[in-house]
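Written out below as structure tokens is the structure these notes cover.
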Amino acid sequence: MIDRISADGRTPEFTFLHDPGHRVIDRYGLLNPQCRGGTIPHPTTLVIDKQGVVRWKFVETNYRVRPTNAQILEAIAALGRS
């Protein structure tokens with residue numbers, strides 16, 4: 001994926017999860033069934049609390065679309081209010 005993005009002349013500005021065996025991807029149900037026979041996950045941002053519970057997620061089919069910093073910060077702030 002990094003090579004595909006870099007082919008557009010840009011360097012990715014985010015960290016990629018390397019998940020051989022799809023343990024994390026399968027746990028959160030993120031595989032994209034329409035992408036290479038369902039072997040690549042949807043781009044996803046998760047906010048997970050200290051107990052390991054997903055409290056907020058942003059899942060997108062277009063790898064170029066990401067949540068804003070404000071959206072992520074609001075999700076994190078909501079953890080403190082709950």
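A few notes on this one:
- Neighbours by Cβ (under 6 Å, 6+ apart or cross-chain): first from segment 60-72, within 26 Å of ASP3 (Cβ to Cβ) and charged (D, E, K, R); second assigned to a loop (DSSP other than H, G, I, E, B) and at pLDDT 85 or above: GLU60/PRO43
- Within segment 1-22, the set of residues being of a type outside the set (Gly, Ala, Ser), loosely packed, with under 11 Cβ neighbours inside 10 Å and in a helix (DSSP H, G or I) comprises ILE2, ASP3, ARG4, PRO20.
- Qualifying residue in segment 23-44 (condition: within 29 Å of ARG81 (Cα to Cα) and in a strand (DSSP E or B)): yes
- Scan of segment 18-29 for residues that are under 19 Å from VAL54 (Cβ atoms) and without any contact (Cβ under 8 Å) to a residue 24 or more places away in the chain, ordered by number: ASP19, HIS22, ARG23, VAL24, ILE25, ASP26, ARG27, GLY29
The values are calculated or read from the model by the stated rules, or taken from the named source; none is laboratory data. Predicted model only: the values in this text are computed from it and were never measured. Quick reminder, even Gly has a Cβ in these numbers, built from the backbone with ideal geometry, and neighbours come from all protein chains shown.
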